[in-house]
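The block underneath contains the structure these notes are about, expressed in C-alpha cells.
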Amino acid sequence: MLVRKFGGTSVKDASAVKRTVDIVLSSSEKQIVVVSALAGITNLLVSISDSIRQHQLEFAITSLEEVRNRHITLVNELNAGDVALNFVNQICDELQRIIIALDVIGEVSAKSFDKILSVGEVLSSFIISEYAGSINNKVCHLDSRSVIKTDSSFMEAEVDFEITSEKINSSMSNLNNYDVFICGGFIGSDKFDSTTTLGRGGSDYSAAVYAKCIKASKLEIWTDVDGILTSDPRLISNALLLKEVSYKEAAELAYFGAKVLHPKTIFPAIQDEIPVYVLNSYKPEGAGTLIRKDSEFGNIIKAIAFRKNITVINISSNRMLGAYGFLAKVFDVFLKNETSVDLVTTSEVSISLTIENDKNLQEIIHDLGEFASIEIYRKRAIISAVGEGIRDTSGIASRFFRALDGVNILMISMGASEVNLSIIVDDSELNKAVELLHKEFFETDIENRLFVKLN
Ligand code: ADP
Ligand code: ASP
Ligand code: MG
C-alpha cells in the first residue's frame with residue numbers, strides 16, 4: 001500500500017485538483033492520499049485569529065467569507081456536487097459562530113486556534129474526496145481527526161502512534177470496499193476529541209504517520225518543484241535536482257530550512273525504512289528525488305539550505321570558569337521558556353547559540369541574566385551545507401570557506417551528525433553567500449550520476 005501527500009500548491013484551485021486526482025486515479029494500488037489546505041488558506045485562517053485578538057471582528061468576517069468563496073468556487077468549478085457545497089457552508093457557518101464567540105471573550109486560546117486552523121484541511125479533503133468519488137466509486141473520505149490521535153499540545157501536537165495505528169487500521173478495514181482514502185493533513189485530535197494540529201507545514205508529517213501506521217511500501221510527497229534541489233529555487237534559479245538523498249541528509253536539509261520537507265517528516269519513515277519520493281504534481285512524469293537509507297553520497301555536499309531571521313545569543317560567565325553545571329543552567333532556561341535551540345558552539349566560559357522563535361526572548365534574557373552576561377544579535381541567517389560526503393572527504397571545508405571569501409562569518413558549526421557544515425552570517429549577506437557556495441559546489445564539474453540539470 002502507498003501513501004501520497006499533495007501540498008497546498010497541488011490543490012490550490014480546480015485545475016491543480018484535477019491534475020492531482022488524475023495522478024491519484026492513474027494508480028491501481030490501494031492508497032492513502034493526504035491533502036493540505038488550498039494554498040494560502042491556512043495563512044488566511046491565521047489572519048482571522050489575529051483579527052480576533054486585535055478586536056477587528058469585521059476583518060475576521062471578511063476573511064472568513066474569502067475562505068468560503070475560494071471553496072465554493074472550487075466546488076463549482078469541479079462540479080463536486082451539493083453534498084460538498086453544503087459541507088463548505090456548514091463548516092464556514094460554524095467558523096463564523098466560533099469567530100463571534102471568541103470576539104466576545106477577546107482572546108484565542110491555543111485550542112481555539114487549532115480549531116480555526118483545521119478548517120483548511122477539513123474542507124480541502126472533503127471536497128477533493130467528493131470530486132474524486134464522483135469519478136471513481138472506490139474513493140472515500142477518512143477524517144484525520146478521528147484517527148490521528150495526539151496529546152493536547154495544541155499547535156504542535158505529538159502523535160500517539162499506538163492508538164493512531166489501531167484507529168487507522170480498524171477504520172480502513174471497516175471501509176474495505178474502498179481503495180483510495182482521502183484525508184486531511186496537519187490535523188488530529190486529542191483524547192477529549194478536541195481538534196489539534198501538528199505544526200505549520202505538518203501535512204508532510206501526517207503523511208509519514210499514515211505511512212508508518214499502515215506499513216506502506218512507499219511514501220510520495222507531491223509538491224510544486226521537481227524534487228529536492230541543490231538549493232531553494234526561489235533564490236538559486238539554476239539549482240539542480242538530486243536523484244537521491246539519504247534519510248540523514250533529508251532530515252538535516254529539512255531542519256536547516258529546505259521547506260520542501262517538514263523537519264519531522266522523515267522520522268517515522270526512517271524507523272521503518274520506508275522509501276520516500278519527492279515529486280512534482282505539475283510534471284508527474286518526472287523521476288523526482290528518492291530518499292532512502294543507503295543513498296549513494298559520493299564525496300561531495302548535496303545541497304545548501306538556509307534559514308533567515310535567526311537570533312544569536314552569546315552567553316558568558318567568568319565566574320563559572322572551572323565550575324560544572326554552566327551548560328545545564330543555560331539549557332534549563334531554554335527548556336523553561338519553551339524555546340528550541342538550533343546551533344550551539346561552546347568554550348568553557350561562554351556559549352553561542354541560535355534560536356528562531358524569539359517569542360520568549362525577554363524572559364530568556366532575564367533568566368540568563370541571573371548568572372551570565374549576554375549579547376543578542378538579531379537578523380542573522382544560518383546557512384548549512386549538507387551531505388554525508390562531508391564526513392569522510394578532506395578538503396570540503398577549505399573549499400567551503402574559500403568560496404566565501406569576503407563574506408563576514410559570525411559563527412561556525414560542524415553538526416554532530418557530521419553531515420552538515422553550518423555558518424551564521426548577517427541576513428543582508430545571505431543571498432550572496434548562498435550564491436557563492438552554489439557556484440563553488442554545483443556549477444562546475446557536477447557528478448551526473450547524482451544530479452539532474454533542469455531545463
Ligand atoms: P507544499 O505546498 O507542497 O507543501 P512547500 O511550499 O511547503 O510545498 O514546499 C515546496 C517549496 O520548498 C518549493 O516551492 C521551494 O521553493 C522550497 N524549497 C526550499 N528549499 C528547497 C530545496 N532544497 N529543494 C526543493 N525545494 C525547496
Ligand atoms: N496547511 C498547513 C500549513 O499551511 C499544513 C501544510 O500545508 O502542510 O501549515
Ligand atoms: Mg510544505
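Can you find even one residue in segment 215-229 that is in contact with a Leu (Cβ under 8 Å, 6 or more places away or on another chain), within 15 Å of ligand 3 (Cβ to nearest atom) and of a type in the set (S, T, Y)?
The answer is yes; a qualifying residue exists.
Residues being of a type in the set (S, T, Y) and touching a helix residue (DSSP H, G or I) at 6+ places or on another chain (Cβ under 6 Å): count how many of those fall in segment 233-266.
Qualifying residue count for the region: 2.
Give the residue that is farthest from V122 (Cα to Cα), with candidates limited to residues of segment 11-41 that are within 16 Å of ligand 2 (Cβ to nearest atom) and touching an Asp or Glu at 6+ places or on another chain (Cβ under 8 Å). Walk me through it before giving the result.
Our first condition is that a residue be within 16 Å of ligand 2 (Cβ to nearest atom); within segment 11-41, this holds for 11-13, 16-17, 20, 32-41.
Right, trim to touching an Asp or Glu at 6+ places or on another chain (Cβ under 8 Å) and you get 13, 35-38.
On the way: D13: 16, V35: 10, S36: 9, A37: 8, L38: 11 Å.
Taking the candidates together, the pick is D13.
Checking the conditions here, which among G257, G288 is on the phi > 0 side of the Ramachandran plot, crowded, with 19+ Cβ neighbours inside 10 Å and away from ligand 2 (no atom under 16 Å from the Cβ)? Steps first, please.
Values: G257 fails: away from ligand 2 (no atom under 16 Å from the Cβ).
Just one listed residue meets the conditions, G288.
Residues being free of Cβ contacts under 8 Å to residues at least 40 places away in the same chain and either within 11 Å of ligand 2 (Cβ to nearest atom) or charged (D, E, K, R) (or both): count how many of those fall in segment 260-273. I'd like the intermediate steps shown before the answer.
Initially, segment 260-273 is screened for residues free of Cβ contacts under 8 Å to residues at least 40 places away in the same chain, giving 260, 263, 270, 273.
Narrowing the set further to residues that are either within 11 Å of ligand 2 (Cβ to nearest atom) or charged (D, E, K, R) (or both) leaves 273.
Counting residues in segment 260-273 that are free of Cβ contacts under 8 Å to residues at least 40 places away in the same chain and either within 11 Å of ligand 2 (Cβ to nearest atom) or charged (D, E, K, R) (or both) gives 1.
Filter segment 4-21 down to residues that are touching a residue at least 24 places away in the same chain (Cβ under 8 Å) and more than 15 Å from ligand 1 (Cβ to nearest atom) and give me whichever is surrounded by the fewest Cβ atoms within 10 Å (Cβ to Cβ). Don't jump to the end; show me each part of the working.
The first filter runs over segment 4-21 and keeps only residues touching a residue at least 24 places away in the same chain (Cβ under 8 Å), leaving 4-14, 16-21.
After this cut, where a residue has to be more than 15 Å from ligand 1 (Cβ to nearest atom) as well, the list is 14, 18, 21.
Working: A14: 17, K18: 15, V21: 25.
Result: K18.
Can you give me the number of residues within segment 195-225 that are among the charged types (D, E, K, R), part of a helix (DSSP H, G or I) and away from ligand 2 (no atom under 15 Å from the Cβ)? Give the steps one after another, and end with the answer.
Residues of segment 195-225 that are among the charged types (D, E, K, R), as a first pass: 200, 204, 212, 215, 218, 220, 224.
Narrowing the set further to residues that are part of a helix (DSSP H, G or I) leaves 204, 212.
Next cut, away from ligand 2 (no atom under 15 Å from the Cβ) only: 212.
Count: 1.
Would a scan of segment 95-104 turn up a residue that is over 22 Å from V33 (Cα atoms), modelled with pLDDT under 95 and surrounded by fewer than 18 Cβ atoms within 10 Å (Cβ to Cβ)?
Within segment 95-104 (the criterion being over 22 Å from V33 (Cα atoms), modelled with pLDDT under 95 and surrounded by fewer than 18 Cβ atoms within 10 Å (Cβ to Cβ)), the answer is yes, since at least one residue qualifies.
What pairs come out if I take residues in segment 114-133 that are over 10 Å from G184 (Cα atoms) and within 16 Å of ligand 3 (Cβ to nearest atom) and pair them with residues that are in a helix (DSSP H, G or I) and of a type in the set (A, V, I, L, M, F, W, C) whose C-beta lies under 9 Å away, six or more apart or interchain?
Partner pairs satisfying both residue conditions: L117/L45; L117/V46.
Test of understanding: among N174, N169, which residue is more than 16 Å from ligand 2 (Cβ to nearest atom) and free of Cβ contacts under 8 Å to residues at least 40 places away in the same chain?
Numbers: N169 fails: free of Cβ contacts under 8 Å to residues at least 40 places away in the same chain.
Just a single option satisfies the conditions, and that option is N174.
Being away from ligand 3 (no atom under 16 Å from the Cβ) and not small (G, A, S) is the filter here; which residues of segment 190-209 pass it? Spell out how you get there, then give the answer.
Taking segment 190-209 and keeping what is away from ligand 3 (no atom under 16 Å from the Cβ), we get 190-196.
Within segment 190-209, D190, K191, F192, D193, T195, T196 qualify.
What pairs can you find where one residue is in segment 48-68 and farther than 19 Å from A37 by Cα, the other is assigned to a helix (DSSP H, G or I) and among the aromatic types (F, W, Y), and their Cβ atoms are less than 8 Å apart, with a gap of 6+ or different chains?
Pairs that qualify, where the first residue is farther than 19 Å from A37 by Cα and the partner is assigned to a helix (DSSP H, G or I) and among the aromatic types (F, W, Y), are S51/F59.
Determine whether segment 368-390 contains at least one residue that is at pLDDT below 95, in a helix (DSSP H, G or I) and more than 30 Å from D332 (Cα to Cα).
yes
Every residue in segment 215-271 that is acidic (D, E), over 16 Å from the mean Cα position of the chain (by Cα) and within 10 Å of ligand 1 (Cβ to nearest atom), please. Steps first, please.
Filtering segment 215-271 for residues acidic (D, E) gives 220, 224, 226, 232, 244, 249, 252.
Next, only the ones that are over 16 Å from the mean Cα position of the chain (by Cα) stay: 226, 244.
The answer is D226, and nothing else.
Conditions tested, residue by residue: (1) aromatic (F, W, Y); (2) touching a helix residue (DSSP H, G or I) at 6+ places or on another chain (Cβ under 8 Å); (3) surrounded by fewer than 24 Cβ atoms within 10 Å (Cβ to Cβ).
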| site | (1), (2), (3) |
| --- | --- |
| G188 | no, yes, no |
| K191 | no, no, yes |
| S194 | no, yes, yes |
| G199 | no, yes, yes |
| K212 | no, yes, yes |
| K215 | no, yes, yes |
| I221 | no, yes, no |
| D224 | no, yes, yes |
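Hey, can you tell me all the residues within segment 138-194 that are among the polar types (S, T, N, Q), outside any loop (DSSP other than H, G, I, E, B) and under 17 Å from I214 (Cβ atoms)?
We begin by selecting, within segment 138-194, every residue among the polar types (S, T, N, Q); these are 144, 146, 150, 152-153, 164-165, 169-171, 173-174, 176-177, 189, 194.
Filter once more, keeping what is outside any loop (DSSP other than H, G, I, E, B): 144, 146, 150, 164-165, 169-171, 173-174, 189.
Passing the criteria: S144, S146, T164, S165, N169, S170, S171, S173, N174.
Could you tell me whether segment 317-329 includes any residue that is surrounded by 20 or more Cβ atoms within 10 Å (Cβ to Cβ) and at pLDDT 90 or above?
Within segment 317-329 (the criterion being surrounded by 20 or more Cβ atoms within 10 Å (Cβ to Cβ) and at pLDDT 90 or above), the answer is no, since none of the residues qualifies.
Which residues, taken from segment 30-44, are over 26 Å from V180 (Cβ atoms) and either touching a His at 6+ places or on another chain (Cβ under 9 Å) or away from ligand 3 (no atom under 16 Å from the Cβ) (or both)?
Result: L44, single match.
If we keep just the residues of segment 322-352 that are in contact (Cβ under 8 Å) with a residue 24 or more places away in the chain and part of a loop (DSSP other than H, G, I, E, B), which is farthest from P263 (Cα to Cα)?
Checked segment 322-352; the qualifying residue farthest from P263 (Cα to Cα) is G322.
From the residues in segment 258-282 that are among the charged types (D, E, K, R) and assigned to a loop (DSSP other than H, G, I, E, B), which one is farthest from ligand 3 (Cβ to nearest atom)? So that I can check it myself, show each step before the final result.
Here is the first cut: in segment 258-282, the ones among the charged types (D, E, K, R) are 259, 264, 272-273.
Now drop any that are not assigned to a loop (DSSP other than H, G, I, E, B), which leaves 259, 264, 273.
Working: K259: 6, K264: 12, E273: 23 Å.
The residue in question is E273.
Is at least one residue of segment 301-315 surrounded by 14 or more Cβ atoms within 10 Å (Cβ to Cβ), among the hydroxyl-bearing types (S, T, Y) and at pLDDT 95 or above?
For segment 301-315, residues surrounded by 14 or more Cβ atoms within 10 Å (Cβ to Cβ), among the hydroxyl-bearing types (S, T, Y) and at pLDDT 95 or above: present.
The values are calculated or read from the model by the stated rules, or taken from the named source; none is laboratory data. Quantities reported herein were computed from a predicted structural model and do not represent experimental measurements. Glycine gets a Cβ as well: all are built from the backbone with ideal geometry, and neighbour counts include every protein chain shown.
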